[in-house]
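Below is one structure, written out as structure tokens; comments come after it.
The values are calculated or read from the model by the stated rules, or taken from the named source; none is laboratory data. As the structure is a prediction and not an experimental result, all values here were calculated from the model. We place every Cβ from the backbone using ideal geometry, glycine too, and count neighbours over all the protein chains shown.
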């Protein structure tokens, strides 16, 4: 009887711990967990000191009032960042064709600020024939700023075996009032599009009233 | 007498060595050594710690752990938790998750060491088969997945781990087959 009770207790406690630590069976990986966390608890983006491709200072405050799509890159990246940024390019093209680009901005933030000089950031944008008026490439101005930014977005960057990096890839959506509200994976472009369409539409309706 | 005391302190010494920050860092820089060296080593340490515990502890615990069932459920719960990719990531990133790992995995080892020998042979067989199947399933999964499961580890690392799990599982299966068909004992399990 005591064995039965003890077993039952441990089984229940174990199930409960597993349930809690997977957010109710919804997030088994750290990547799923950070996406879920942001959806449920949007967080205000601090005012970091960044530098853009023209070597001008930039803070998120500068684009207050816009939806901002952020991706993380390093310009010598041979794989994922290229997909990330070319998807961003398509997004920019489609939204400006639909006449919706005035409330939408794009940011590519480099986590390799030593190598990614403003010059290289500019080349990166040109490579994707980006429209510079609403797409910027940025680098953090110090190591501590870089760490603060990566920690805030929970982006993990690890060195790979070819002298480059492997990193959490995704699109981070910042709302007009400066909060990180959603994260989409590279394979979720359709979801990202409909999310942005819906968000822009809601915004439009809200400003009409 | 002197020698037995020494032997009992051996797992504790091993635990301390594994907990040294350079050792932690070394074993956790790759998914392979994290999952196939550090975690099993912690479990084995727990197993020996369990053997070294005073006998009257075991006697007091016995009515709560008849046939070793409670201990096995406890061990399986901990095992399942540390199979979550985000648990492994947390252990690399957060000190409290790392601490939890260094406590729960040896605790799992203790529970296994105390409970496994008491377990019914049929239950032992079923569990062994299930552990083996987990090796093969995870191995296949890691080889096949196009995405990384852990934010702190490379995809190539995940693939190597998959290969090693399949290899270990296959080796295990072969030794069983030999034992069942010819009675050959390569390893004593």
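Overview of results
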quantity: Any hit, the range A:96-110, residues being out of contact with any strand residue (DSSP E or B) (no Cβ under 6 Å at 6 or more places or on another chain), exposed (fewer than 12 other Cβ atoms within 10 Å of the Cβ), without any contact (Cβ under 8 Å) to a residue 24 or more places away in the chain and within 30 Å of residue B:94 (Cβ to Cβ); calculated: no
quantity: Of residues in the range B:56-65 being without any contact (Cβ under 8 Å) to a residue 24 or more places away in the chain and at the interface with another protein chain (Cβ under 8 Å from one of its Cβ atoms), the one nearest to residue B:26 (Cα to Cα); calculated: B:64
quantity: Residue within the range A:174-182 that is assigned by TED's automatic domain parsing to the domain that holds residue A:75, within 25 Å of residue A:116 (Cβ to Cβ) and not in a loop (DSSP other than H, G, I, E, B) present; calculated: yes
quantity: Test for residue B:72: is it in contact (Cβ under 8 Å) with a residue 40 or more places away in the chain, surrounded by 17 or more Cβ atoms within 10 Å (Cβ to Cβ) and either in contact with a helix residue (DSSP H, G or I) (Cβ under 7 Å, 6 or more places away or on another chain) or more than 11 Å from chain A (Cβ to nearest Cβ) (or both); calculated: yes
quantity: Residue ranges of helices (runs of 4 or more DSSP H) in the range A:1-112 with at least 3 members under 18 Å from the mean Cα position of the chain (by Cα); calculated: A:30-40, A:80-97
quantity: Selection count where residues are within 11 Å of chain A (Cβ to nearest Cβ) and closer than 30 Å to residue B:59 by Cβ, scope the range B:83-114; calculated: 3
quantity: Residue B:49 vs. criteria modelled with pLDDT under 90, touching a helix residue (DSSP H, G or I) at 6+ places or on another chain (Cβ under 8 Å) and closer than 24 Å to residue B:96 by Cα; calculated: yes
quantity: Failed criterion for residue B:151 (all others in (1) within 18 Å of residue B:76 (Cβ to Cβ); (2) in contact (Cβ under 8 Å) with a residue 24 or more places away in the chain hold); calculated: (1)
quantity: Filtered residues of the range A:151-169 (kept if away from chain B (no Cβ under 11 Å), closer than 25 Å to residue B:157 by Cα and under 14 Å from the mean Cα position of the chain (by Cα)); calculated: A:153
quantity: Residues of the range A:1-20 that turn out to be within 22 Å of residue B:83 (Cβ to Cβ) and at the interface with another protein chain (Cβ under 7 Å from one of its Cβ atoms), as a count; calculated: 6
quantity: Yes/no for residue B:106 being buried (at least 22 other Cβ atoms within 10 Å of the Cβ), within 15 Å of the chain's Cα centre (by Cα), closer than 30 Å to residue B:143 by Cα and assigned by TED's automatic domain parsing to the domain that holds residue B:11; calculated: yes
quantity: Count of the range A:95-115 residues which are in contact with a helix residue (DSSP H, G or I) (Cβ under 8 Å, 6 or more places away or on another chain) and either more than 17 Å from residue A:169 (Cβ to Cβ) or not assigned by TED's automatic domain parsing to the domain that holds residue A:183 (or both); calculated: 7
quantity: Pair list, Cβ under 7 Å, 6 or more apart: the range A:182-209 residue at pLDDT below 85, other residue assigned to a helix (DSSP H, G or I); calculated: A:203/A:103
quantity: Candidates B:113, B:139 - the one that is within 30 Å of residue A:161 (Cα to Cα), in contact with a helix residue (DSSP H, G or I) (Cβ under 6 Å, 6 or more places away or on another chain) and part of a helix (DSSP H, G or I); calculated: B:139
quantity: Test: residue in the range B:138-154 that is crowded, with 17+ Cβ neighbours inside 10 Å, touching a strand residue (DSSP E or B) at 6+ places or on another chain (Cβ under 8 Å), more than 23 Å from residue B:81 (Cβ to Cβ) and within 14 Å of chain A (Cβ to nearest Cβ); calculated: yes
quantity: Residue check, residue A:87 over 19 Å from residue A:149 (Cα atoms) and more than 9 Å from chain B (Cβ to nearest Cβ); calculated: yes
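Here is a yes/no grid of residues against (1) assigned by TED's automatic domain parsing to the domain that holds residue A:130; (2) surrounded by fewer than 18 Cβ atoms within 10 Å (Cβ to Cβ); (3) closer than 23 Å to residue A:201 by Cβ; (4) out of contact with any strand residue (DSSP E or B) (no Cβ under 9 Å at 6 or more places or on another chain):
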residue: A:51; (1), (2), (3), (4): yes, no, no, no
residue: A:55; (1), (2), (3), (4): yes, yes, no, yes
residue: A:59; (1), (2), (3), (4): yes, yes, no, no
residue: A:84; (1), (2), (3), (4): yes, no, no, no
residue: A:93; (1), (2), (3), (4): yes, yes, yes, yes
